[in-house]
There are 4 protein chains.
Amino acid sequence: MPIDLNCDCGEGFGPWPLGDDAALLPHVTSANIACGGHAGDPDTMRRTVRLAHELGVKIGAHPGYPDLLGFGRRVLPLRPAELTNSLLAQLGALAALVRAEQATLHHVKPHGALYNQAAIDAIVAQALVEAVVSFDRQLVLVALANSVLEEVGRAAGLVVAREAFADRAYESDGTLRPRHLAGALILDHAQNLAQTLMIVREQQVRAYDGTLVPLHAETICLHGDMPGAAARAAFLRRELVGQGVLLFK
Amino acid sequence: MPIDLNCDCGEGFGPWPLGDDAALLPHVTSANIACGGHAGDPDTMRRTVRLAHELGVKIGAHPGYPDLLGFGRRVLPLRPAELTNSLLAQLGALAALVRAEQATLHHVKPHGALYNQAAIDAIVAQALVEAVVSFDRQLVLVALANSVLEEVGRAAGLVVAREAFADRAYESDGTLRPRHLAGALILDHAQNLAQTLMIVREQQVRAYDGTLVPLHAETICLHGDMPGAAARAAFLRRELVGQGVLLFK
Amino acid sequence: MPIDLNCDCGEGFGPWPLGDDAALLPHVTSANIACGGHAGDPDTMRRTVRLAHELGVKIGAHPGYPDLLGFGRRVLPLRPAELTNSLLAQLGALAALVRAEQATLHHVKPHGALYNQAAIDAIVAQALVEAVVSFDRQLVLVALANSVLEEVGRAAGLVVAREAFADRAYESDGTLRPRHLAGALILDHAQNLAQTLMIVREQQVRAYDGTLVPLHAETICLHGDMPGAAARAAFLRRELVGQGVLLFK
Amino acid sequence: MPIDLNCDCGEGFGPWPLGDDAALLPHVTSANIACGGHAGDPDTMRRTVRLAHELGVKIGAHPGYPDLLGFGRRVLPLRPAELTNSLLAQLGALAALVRAEQATLHHVKPHGALYNQAAIDAIVAQALVEAVVSFDRQLVLVALANSVLEEVGRAAGLVVAREAFADRAYESDGTLRPRHLAGALILDHAQNLAQTLMIVREQQVRAYDGTLVPLHAETICLHGDMPGAAARAAFLRRELVGQGVLLFK
């Protein structure tokens with residue numbers, strides 16, 4: 001059972017970098033690159049595409065609400081068609097830079113508030129899926145496992161990669177433990193590995209309260225903004241390979 | 001000898017329209033649609049693409065310096081790679097909306113200060129041509145006849161459509177008579193037609209001072225922001241068809 | 001009993017104008033000038049300030065949600081302090097241009113979604129009032145009559161000018177009849193006048209269903225974007241003066 | 001002879017910080033705060049104003065060309081009135097947030113390309129001085145020593161604080177040694193101190209080639225983006241105090 005490791009990247013803007021893509025990308029198999037909506041400008045986008053391409057990492061679009069100041073972390077009240085059109089423009093912008101680097105666009109993973117909203121709101125999920133389908137129905141859609149977006153994407157005929165987390169705790173209902181609660185972040189490398197292995201081998205996860213929760217996932221997200229992100233990613237990848245868990249490439 | 005009539009369009013932004021695309025587009029054969037750089041937002045872009053597509057008008061990208069407040073009318077000191085990347089992002093954004101409308105992108109015509117600068121500055125022309133070539137070398141490049149851009153585009157293997165003007169006077173050196181001088185604008189319909197016919201049939205134009213100037217052009221630009229633009233376009237098209245001048249479609 | 005006539009203005013951006021300020025401003029006594037949040041750029045702001053100042057019209061700030069593309073017509077989920085700071089920056093920007101014209105800033109009237117939201121949501125109203133109070137507590141706050149904003153503004157010690165409408169119908173509960181319903185807009189000049197006179201002389205308005213509704217207002221809004229706006233304003237002002245209703249100046 | 005130590009700050013935008021203001025500000029006597037033109041958003045501006053105010057550091061505006069993506073490092077071809085109006089809006093925005101913190105605005109120092117251009121171009125200097133004079137002629141203008149801006153500012157009646165550098169080498173003509181040349185940056189603390197003391201006590205500086213160059217300055221700039229900025233500032237301040245050089249406060 002192969003597993004994919006993904007991270008968000010290219011999330012700087014102009015003079016302002018964010019995270020350390022050069023340190024993190026060598027350890028993942030998929031890169032989600034910001035498209036100018038919540039972050040990213042054409043130069044940053046192209047530089048990040050080139051870096052991922054050189055490393056042989058699969059390139060994905062990471063579109064968000066068009067809101068630089070808010071970094072796509074707040075839900076904007078866009079009409080569905082307006083959201084679809086904004087996402088199409090973002091996908092197209094990134095795809096053009098991917099093409100200029102003679103690389104290939106592989107997947108789409110929504111960012112921040114759009115990711116969260118599309119996971120629970122069928123109208124937002126539909127607006128997003130509509131953008132992907134009308135842009136390129138061969139693209140893989142990355143969605144939170146067990147989310148509304150997973151359903152809506154599949155119903156539209158898209159290949160959906162379900163996403164799980166190595167560095168976040170789960171609640172017994174399968175949702176992520178909110179960041180502000182104790183134990184929400186898993187910083188320990190051994191625990192990151194153990195949670196990932198359980199997801200990959202047993203299709204389940206042990207929730208914060210000890211419950212076993214079913215969880216099918218094809219890709220594991222590594223947060224670039226968590227302390228020690230690159231070291232965590234390096235460890236996880238090395239151990240997964242060492243334990244015979246195949247990585248997508 | 002067929003001739004093409006083109007106009008710039010989709011140059012509003014959010015709540016602010018510009019020009020009357022619905023009145024002008026039925027009379028042209030090519031539409032140059034703003035791409036979000038100097039004007040245009042995803043909704044405006046899509047609406048304009050749809051309108052052109054329904055009318056059977058060829059759809060082109062109309063990218064410019066990324067400068068909404070200045071409407072792309074001032075030269076921004078971008079590095080060549082930065083300009084190329086900005087233009088790639090603009091082309092890609094429009095192309096995605098074109099694809100969503102199941103239409104086809106046909107050509108690229110730069111806007112405003114970029115059009116003027118690329119006509120005389122080989123570095124800017126090269127940055128623009130680089131964007132077109134690496135995005136899609138099948139796209140036709142619309143360039144001022146006898147400009148640096150025409151040369152650079154052809155040298156890169158692009159099909160170049162040379163542009164001339166029905167509503168602007170020429171100087172004896174083949175350049176456009178500057179707008180602030182008397183007689184720069186040609187508002188009279190009969191004169192618009194006469195100048196167009198001379199360009200199409202004789203490959204020359206009579207300059208403001210009476211000189212005959214050689215001028216080869218495959219497309220005639222109609223300015224949407226000049227008084228009576230739609231009526232001028234309607235007259236010109238009807239007369240050209242009536243006089244047996246074939247229009248590209 | 002004097003009455004004030006106000007209109008929103010300066011709502012263009014860069015190359016894009018909106019409404020015809022030069023035609024409307026001579027007929028009002030207060031101008032609400034966009035501050036760069038939902039519309040307006042420094043040049044447009046200064047030009048509009050100068051025009052109002054030359055006409056002897058009172059100058060007010062017309063801040064909105066920072067959202068050019070949406071023209072401030074959608075509620076952005078800003079934290080209260082973030083909204084306050086955005087509004088302070090908008091007030092300060094306009095005030096600087098007012099000072100450069102040696103004019104005086106007189107009032108503040110929120111725009112669009114901010115106006116509507118502050119009328120019903122005490123947290124938004126408080127964030128707005130906080131901005132006005134900490135910027136300049138001598139400024140008059142223009143608020144929808146009978147709104148939450150009116151209350152919150154008064155409680156903070158601000159002078160509040162209650163606003164009513166000459167060109168919009170009212171419901172029997174004192175709210176404005178929604179724009180999409182029949183009869184929402186009052187385009188007839190005689191009716192505009194009659195409604196204004198009833199508000200001024202009787203402190204009441206006849207609702208769409210015939211009910212008499214109490215309504216105290218110190219300022220009447222004239223929408224610049226309604227058909228025949230300048231002619232309506234000219235008629236209304238002339239008749240009010242003719243009938244002895246004093247206008248603030 | 002007292003001397004002032006200044007640094008640029010508040011140069012983040014939304015989610016993106018820049019430099020470490022909290023580490024640097026305790027060691028300077030003047031803070032130049034970005035105003036939303038090249039960097040800074042209302043929240044960042046207010047937070048930085050508050051920090052400077054709490055530390056008793058003089059608060060200045062640090063306006064720049066309105067160009068977030070380019071961080072104000074490229075010269076935009078604005079008309080003089082357009083530049084003046086943009087700067088007025090920036091000054092006003094910051095001043096409003098200063099007022100909300102019950103602090104006082106003390107000075108204005110232009111940023112990046114605007115600083116450099118105003119140092120050599122009288123039209124740009126005049127546009128900047130025009131903004132300061134019409135906003136508040138009590139504000140101190142910080143200008144490169146011996147620059148066109150110094151002259152233009154003084155001619156307009158402004159108090160000008162001439163700026164020199166502790167961490168940059170000078171050429172024998174009094175200009176700064178360009179950053180790309182060897183020895184342009186002075187990273188050694190003892191040298192930073194020696195250069196500052198020579199400027200303060202002798203009104204001269206030893207250029208890179210050994211020449212002694214006259215240099216009158218009232219304020220010393222410390223770059224927050226140079227390696228070890230906070231430690232350099234701490235050392236310099238402690239030593240200046242220890243050696244009896246009075247610091248403005």
Starting from the alpha-carbon convex hull of region A:165-246, give the projected area averaged over all orientations, in nm².
-> 5.1
So for chain C, taking the charge dipole from beta-carbon charges (+1 Lys/Arg, -1 Asp/Glu), which of C:V241, C:Q204, C:L83 sits furthest toward the positive end?
-> C:V241
Can you tell me the accessible area per residue over the protein assembly as shown, all protein chains present, probe 1.4 angstrom, in square angstrom?
-> 38
Amide H of C:L5: which non-local residues (sequence gap of 5 or more, or other chain) have their own amide H closer than 5 Å, using H built in the peptide plane?
-> C:T29, C:S30, C:I220, C:F248
Work out which helices of chain B, taken as complete DSSP H runs, extend at least 15 Å along their axis over the Cα atoms and score a mean Kyte-Doolittle of -1.0 or more, then list them.
-> B:80-100, B:122-135, B:189-202, B:229-242
Cut-off 11 Å between beta-carbons: net charge of the residues surrounding A:F13, Lys and Arg +1, Asp and Glu -1 = -3
Highest-fluctuation residue, A:R73, A:R179, A:R168 considered, GNM on chain A with Cα pairs under 10 Å = A:R179
Please report, in debye to the nearest 20, how large the charge dipole of region A:102-198 is about its Cα centre when each Lys and Arg carries +1 at its beta carbon and each Asp and Glu carries -1 there.
-> 120
If unit charges are put on Cβ atoms (+1 for Lys and Arg, -1 for Asp and Glu) and the dipole of region C:75-184 is taken about its Cα centre, the option from C:F165, C:V129, C:T104 lying farthest towards the positive end turns out to be C:T104
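Could you order B:M198, D:M1, B:M45 so the one with the most accessible surface comes first? Probe is 1.4 Å.
I get D:M1, B:M198, B:M45, largest accessible area first.
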Name the residues of region C:100-123, by number, that are at least 30 Å² less accessible with every protein chain in place than in the isolated chain; the surface is that of heavy atoms, probe 1.4 Å, without ligands or nucleic acids.
-> C:A100
Whole number please: convex hull volume per residue, Cα atoms of region D:1-123, in Å³.
-> 105
Please find, in a Gaussian network model of chain A (springs between Cα atoms separated by less than 10 Å), the residue of A:D121, A:D41, A:D209 whose mean-square fluctuation is greatest.
-> A:D209
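Counting only protein heavy atoms and using a 1.4 Å probe, what share of the accessible area of region A:24-174 belongs to carbon plus sulfur, as a whole percent?
Heavy-atom surface of region A:24-174 belonging to carbon and sulfur, 1.4 Å probe: 51 percent.
Within 10 Å of each Cβ of A:132-139, how many other protein chain Cβ atoms are there on average?
Taking all residues of A:132-139 together, the mean is 2.
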Would you mind counting up the charge near A:L87? Only other residues with Cβ under 14 Å from its Cβ, with Lys and Arg at +1 and Asp and Glu at -1.
-> -2
Restricting the count to DSSP beta bridges whose residues both fall in the protein assembly as shown, what percent are antiparallel, rounded to a multiple of 5?
-> 20
What residues of region C:1-18 lose no less than 50 Å² of accessible area with every protein chain in place versus their chain by itself (probe 1.4 Å, heavy atoms only)?
-> C:F13, C:P15, C:W16
What FRET efficiency do you get for D:E171 and B:Q138 if R0 is 51 Å and r is their Cβ-Cβ distance, rounded to the nearest 0.05?
-> 0.45
Run through the other copies and list how far each one's label point is from that of A:F235, in nm with one decimal, shortest first; the point sits 7 Å from Cα along Cα-Cβ.
-> 3.6, 7.7, 7.8
quick note, chain A, DSSP beta bridge pairs, % antiparallel (nearest 5) is 20
Quick one, can you get me the convex hull of the C-alpha atoms of region B:6-242 expressed as volume per residue in Å³?
-> 117
Provide an ascending nm list, one decimal, of label-point separations from A:D121 to the equivalent residue in each further copy; define each label point as 7 Å from Cα along Cα→Cβ.
-> 1.3, 4.3, 4.5
What percentages, rounded to whole numbers, describe P(r) for region D:111-249 computed over all alpha carbon pairs with 10 Å bin width beginning at zero?
-> 12, 39, 35, 14, 0
With springs only between Cα atoms under 10 Å apart, run a GNM on chain B and tell me which of B:A182, B:A122, B:A89 wobbles the most.
-> B:A182
The rounded separation in angstrom of the Cα centers of region D:134-157 and region B:18-90 is 42
Chain D, rotation onto A, residue closest to that axis via Cβ, with its distance in Å = D:W16, 2
Where does chain A land at 222 nm, in deg cm²/dmol rounded to the nearest 500, when only DSSP H runs of n ≥ 4 count, each adding -39500 (n - 2.57), divided by all residues?
-> -12000 deg cm²/dmol
Projected onto their principal axes, the Cα atoms of region A:63-169 stretch, largest extent first, over whole-Å spans of 38, 29, 29
Nm distances between copies for C:Y208, ranked from closest, using label points 7 Å along Cα→Cβ | 4.9, 5.7, 7.4
Chains D and C: how much accessible area gets covered up at their contact, both sides added, probe 1.4 Å, in Å² to the nearest hundred?
-> 1600
Just how large is the dipole of region A:6-242 about the Cα centre, in debye to the nearest 20, putting +1 at every Lys and Arg Cβ and -1 at every Asp and Glu Cβ?
-> 220
Measure of size requested: the Rg and Dmax of the protein assembly as shown, with Cα atoms as the atom set and Å as the unit; please supply both.
-> 30.8, 92
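The values are calculated or read from the model by the stated rules, or taken from the named source; none is laboratory data. A quick note: this is a predicted structure, and the numbers were derived from the prediction, not measured. For neighbour counting, all protein chains shown are included, and Cβ atoms are generated from backbone atoms with ideal geometry for every residue, glycine included. SASA here: full protein model, heavy atoms, side chains in, ligands and nucleic acids out. Shrake-Rupley method; radii C 1.70, N 1.55, O 1.52, S 1.80 Å.
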